[in-house]
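Peer 1: The structure under discussion is supplied below as structure tokens; questions concerning it will follow.
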Amino acid sequence: MKPLWLTSLLLVTAAAWADSPRLLSAGSGLTELVLALDAGDHLVAVDSTSELPAGLPLPRLGYHRQLSAEGMLAQQPSLVIGSEEMGPEQALALVRRAGVQVEQLPEALSVEQLQHNIYRLGELLGKGEAATALQLRVDEQARALAAGPVGKKVVFLLLGDGRSVQVAGHHTLADSLIRLAGGDNPAAAMEGYKPVAMEALVAMAPDIILVSRRHLEQQGDPSELLRQFPLLRRTPAAAAGAIVPINGKALIGGLGLSTLAEAERLHQDWLRRP
């Protein structure tokens with residue numbers, strides 16, 4: 001037996017689904033790709049991490065890992081797309097039972113996987129030509145970055161409540177961004193995000209320290225971060241004034257266009273400096 005709200009939504013939306021694709025996108029990176037493929041007119045709702053142009057106000061359904069089936073189905077989608085992090089699975093199962101196609105694309109940690117996701121989205125949205133053009137653009141960006149690796153040491157710090165700090169190791173999107181930009185992540189021997197002592201961080205001797213812009217603004221500015229963690233002053237990054245804010249949303253849901261943009265900025269503005 002289907003819940004009454006689910007049965008009602010099915011009756012209301014059946015005709016609408018037949019007319020044109022109605023897309024719900026959960027994940028900032030995938031929403032970026034939808035817009036880049038000129039498929040924004042198919043969007044009916046997005047999650048809270050997605051950024052939209054000013055002229056495209058849409059309902060936001062909360063965090064992409066904490067979506068509700070009722071909230072999704074209320075937007076009458078015919079297709080729901082998200083990364084492997086989209087969920088919870090119980091909600092997605094209910095959406096599938098309602099006859100809605102749900103596609104979860106792998107979280108891209110490489111340009112190759114990003115290219116695959118672009119191709120798959122092109123298939124799903126009937127935007128094959130636009131997908132090919134976007135793949136060429138991404139390939140050009142990646143080739144330009146690969147042409148001039150500089151090998152400076154770069155770490156990404158995830159600041160938590162209080163004085164908790166984690167460093168991004170291997171198999172994280174932050175590590176992918178660092179390598180894509182041409183940097184060397186001295187924390188790559190670790191897997192995932194791991195708590196790090198300031199003494200260990202000093203021993204890594206990073207030339208550049210990356211911090212989410214939102215978290216850095218919560219601290220006030222880089223000088224406040226150094227006051228809170230005075231041992232950081234012993235790093236080459238602090239000595240060079242190279243504590244760099246980056247767009248935290250570029251590190252959500254897999255490597256995407258904003259991740260590439262941040263890699264280009266890191267490469268041009270910081271890694272190519274003498």
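Every read-out reported here was derived from the displayed coordinates using simple, explicitly stated rules and does not represent laboratory data. Model, not experiment: these values are computed from the prediction. For neighbour counting, all protein chains shown are included, and Cβ atoms are generated from backbone atoms with ideal geometry for every residue, glycine included.
Peer 1: May I ask you to give the average projected area over all directions of the convex hull of the Cα atoms of the chain, in nm² rounded to one decimal?
Peer 2: Mean projected area of the Cα convex hull: 15.7 nm².
Peer 1: Also, I was wondering about something else. Applying a 10 Å radius around every beta-carbon, put 199-210, 252-263 in order of their mean neighbour count, most first.
Peer 2: Ranked from most to least packed, the peptides come out as 252-263, 199-210.
Peer 1: Sorted by packing (mean other beta-carbon atoms within 10 Å per residue), highest first, where do 128-139, 50-61, 176-187, 76-87 land?
Peer 2: Packing order, densest peptide first, comes out as 176-187, 76-87, 128-139, 50-61.
Peer 1: SER164 to GLU112: FRET efficiency via 1/(1 + (r/R0)^6), r the Cβ-Cβ distance, R0 25 Å, to the nearest 0.05?
Peer 2: Efficiency, from the Cβ-Cβ distance: 0.15.
Peer 1: Work out which helices of the chain, taken as complete DSSP H runs, extend at least 24 Å along their axis over the Cα atoms and score a mean Kyte-Doolittle of 0.5 or more, then list them.
Peer 2: Result, helices passing both filters: 4-19.
Peer 1: Additional query: DSSP beta bridges in the range 124-274, what fraction antiparallel, as a percent rounded to 5?
Peer 2: Taking every DSSP beta bridge with both residues in the range 124-274, the antiparallel ones total about 40 percent.
Peer 1: Give the long-range amide H neighbours of VAL102: residues separated by 5 or more places, or on another chain, with amide H under 5 Å away, using H modelled in the peptide plane at 1.01 Å from N.
Peer 2: Correct list: VAL80.
Peer 1: Under 5 Å between amide H atoms, partner at least 5 residues away or on a different chain: which partners does ALA45 have, H built in plane at 1.01 Å?
Peer 2: Residues meeting the amide H criterion: SER25.
Peer 1: Using every pair of alpha-carbon atoms in the range 154-271, split the distances into 10 Å bins beginning at 0 and state the percent of pairs per bin, rounded to integers.
Peer 2: For the range 154-271, the binned pair fractions read 14, 52, 32, 2 percent.
Peer 1: How much length is gained if the chain between ARG272 and GLU224 is pulled fully straight, taking 0.36 nm per residue apart and subtracting their Cα-Cα distance, in nm to one decimal?
Peer 2: 14.6 nm
Peer 1: To continue, here is another question. Please order PHE156, PHE229 by the number of other Cβ within 10 Å, starting at the fewest.
Peer 2: PHE229, PHE156
Peer 1: Same structure again: Taking the DSSP beta bridges in the chain as the whole, what percent of them are antiparallel, to the nearest 5?
Peer 2: 20
Peer 1: Could I ask something else about it? Can you list residues whose amide H is under 5 Å from SER83's amide H, if they're 5+ apart or on another chain and H is modeled 1.01 Å from N?
Peer 2: Here LEU105 satisfy the definition.
Peer 1: Okay, helix-only estimate at 222 nm for the chain: each DSSP H run of n ≥ 4 adds -39500 (n - 2.57), divide by all residues, round to 500 deg cm²/dmol; what do you get?
Peer 2: Taken over the chain, the calculation gives -12500 deg cm²/dmol.
Peer 1: Taking the Cα atoms of the range 4-143, report the difference between the largest and smallest coordinate on each principal axis, in whole Å and largest first.
Peer 2: Its Cα atoms span 53, 29, 28 Å along the three principal axes.
Peer 1: Among ALA238, ALA74, ALA189, which one moves the most in a GNM of the chain with springs linking Cα atoms closer than 10 Å?
Peer 2: Residue with maximal mean-square fluctuation among ALA238, ALA74, ALA189: ALA189.
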